[in-house]
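Worksheet: the structure to be examined is printed underneath.
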There are 2 protein chains.
Amino acid sequence: MKSILLIGQSNMAGRGDFGEVPEIVNNRCFMLRNGKWIPMSEPINPDRQIFGYFHSGVGLSASFADEYAKHFGENIGLIPCADGGTAIKQWQPGELLYENAISQAKLAQRTSEIVGILWHQGENDSINLEDVEQYHDRFVNMITSLIKDLNLPESISVIIGELGEFVGDYDGGKCKYSKEINTILKGLSKELPCSGFVSAKGLTCKNDGIHFNSKSYREFGKRYFDVYLKAVEK
Amino acid sequence: MKSILLIGQSNMAGRGDFGEVPEIVNNRCFMLRNGKWIPMSEPINPDRQIFGYFHSGVGLSASFADEYAKHFGENIGLIPCADGGTAIKQWQPGELLYENAISQAKLAQRTSEIVGILWHQGENDSINLEDVEQYHDRFVNMITSLIKDLNLPESISVIIGELGEFVGDYDGGKCKYSKEINTILKGLSKELPCSGFVSAKGLTCKNDGIHFNSKSYREFGKRYFDVYLKAVEK
């Protein structure tokens, strides 16, 4: 089986409300739990409580997996390791989130081949200039370490998503460097051999002002897959 | 912070229906997600889908943690690693579930001290006589390996729960050795230095015939804590 590693912060984990979009049911799609594969069902990445305001919910990985399974006609497993509210410095080797992702990915590698990494993160690093300035190097350090520690091919597809257009307006404009982060993310996608950058153009947020709504997550996941397809065909 | 490792099969994970009992809200109780602590909220152990028939749900660990926090007046973190439908041979060193539990427990140990292990399992080993005959040795191998690999004190409290009285009647009586497994579990609790056995007497099942209902999980968690308290006072 092929598998995909999901890392980043809340918009990779998924915060969309249930019921806003139809559930995706595809018996070729799976998600990792305790090192084992179970049928895919949202929430895929349970980093937060299920019931409540900032809850784990609909995300972009479901429609990505659905498109993947339909296109290739094969099973696909998602390895959910994203964590809400996290900065890229928390994703450096040795940090909890990095080590958790390594442990989960290694368990997944016993029964699958990791063929891609999906990344969506950066809201937390768009608040302070120092974080913006270090984003590029922190990302490179994270991804090169991941590839080495998981013994992945250097040509592994790393798909990087754009921060939402609405992020700059969130909470009185605290994420004031979101455009700069997007420029860096786009640049990073060109440095890596088989990477790609996913536009968030036109996607809209839920009422909290920071998370995509479920409909936009569905569309975003499809865009991630289109970019993935172009990246693997490089 | 103190923490508790949760291992076993579905009745440790929790399959109780939401809404059948009030939610437990205690700001001293936490659960592990991606190596980090977040406020406790059910489902605590998301080994299965959240929505559907055999869903992750209310379990015994919530009322255990609530009692713990109230009694000791301190924070407590739950490390959820239980996995539904699993046999004890899947919990041996080197197996996915064992290695997942080790990886999660090690991440938890960066920020907490593990002070107990809660175990509820055995339904899957009460079907075939060979599994019954090997249960004792498999349990001892698992727990001694866990203690060694996590560098826990040999006197760590290991709290073992009884299989429900209803298990023998499940699915035409397929779990025909459930009483024998309970005898073995009780015996194991006496072999370990600070262990204890939790009675499931009078607890009832939900309509699937194999899982406790939410009200019984709440009671079972309290009983686990009473036994834990006696064990640590040994």
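The table below lists the values:
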read-out	value
Exercise: per-residue mean of other protein chain Cβ atoms within 10 Å, B:31-41	6
Relative packing of peptides B:175-185, A:164-174 - highest average C-beta neighbours within 10 Å first	B:175-185, A:164-174
Net +/- balance of residues flanking B:LYS179 in space, Cβ distance below 11 Å, scoring K and R +1, D and E -1	-1
The range B:100-116 - phi-based ³J(HN,Hα) in whole Hz, Karplus 6.51/-1.76/1.60, Gly and Pro as x	4, 4, 4, 5, 5, 5, 5, 5, 5, 5, 5, 10, 7, 10, 6, 10, x
Total charge dipole magnitude, the protein assembly as shown, about the Cα centre, Cβ charges on Lys, Arg, Asp, Glu only, Debye to nearest 20	0
Alpha carbon Rg of the range A:1-159, scaled by the compact-globule rule 2.2 N^0.38 Å	1.01
Check: the range A:110-162 dipole with +1 on Lys, Arg Cβ and -1 on Asp, Glu Cβ, in debye	360
Full-extension gain in nm, B:TYR53 to B:LYS201, via 0.36 nm per residue minus C-alpha separation	50.7 nm
Interface burial for A against B (accessible surface, 1.4 Å probe, total of both chains, Å², rounded to 100)	2500
Full-extension gain in nm, B:ARG110 to B:ASP137, via 0.36 nm per residue minus C-alpha separation	6.7 nm
Theoretical ellipticity at 222 nm over chain A - DSSP helices of four or more residues, -39500 (n - 2.57) apiece, nearest 500	-11500 deg cm²/dmol
Placed amide H near B:CYS205: partners under 5 Å, 5+ positions off or other chain	B:ASN213
Cα-based convex hull, the range A:53-100, per residue volume (Å³, whole number)	102
Whole-Hz ³J(HN,Hα) from phi, Karplus 6.51 cos²θ - 1.76 cosθ + 1.60, for the range B:181-188, glycine and proline x	4, 4, 4, 5, 4, 5, x, 4
Quotient of C-alpha Rg and 2.2 N^0.38 Å, computed over the range B:101-234	1.09
Whole-Hz couplings from phi, Karplus 6.51/-1.76/1.60, listed for the range B:17-23; x for Gly and Pro	6, 6, x, 6, 10, x, 5
Sulfur and carbon atoms: percent of accessible area, the range A:87-190 [1.4 Å]	45
Surface accessible to a 1.4 Å probe, per residue, for the residues of the protein assembly as shown, Å²	38
Carbon plus sulfur fraction of accessible area for the range A:1-80, probe 1.4 Å, in percent	52
Residues whose placed amide H lies under 5 Å from that of A:SER195, excluding near-sequence neighbours	A:VAL158
37 °C / 0.692 mPa s Stokes-Einstein diffusion coefficient of the range A:87-144, Kirkwood radius on C-alpha pairs, µm²/s	262
Length gained when the stretch A:GLN92-A:LYS234 is fully extended (0.36 nm per residue, less Cα-Cα span)	48.3 nm
Cα-based equivalent ellipsoid of the protein assembly as shown: semi-axis lengths in Å, sorted from largest, via gyration tensor	40, 22, 21
Net charge dipole size for chain A [Lys, Arg +1 and Asp, Glu -1 on Cβ; Debye, nearest 20]	560
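The values are calculated or read from the model by the stated rules, or taken from the named source; none is laboratory data. Small disclaimer: the values here were computed from a predicted structure and weren't measured. Note that we place each Cβ from the backbone using ideal geometry, even for glycine, and neighbour counts take in every protein chain shown. The accessibility values were calculated without ligands, DNA or RNA, using every heavy atom of the protein model including side chains. Shrake-Rupley method; radii C 1.70, N 1.55, O 1.52, S 1.80 Å.
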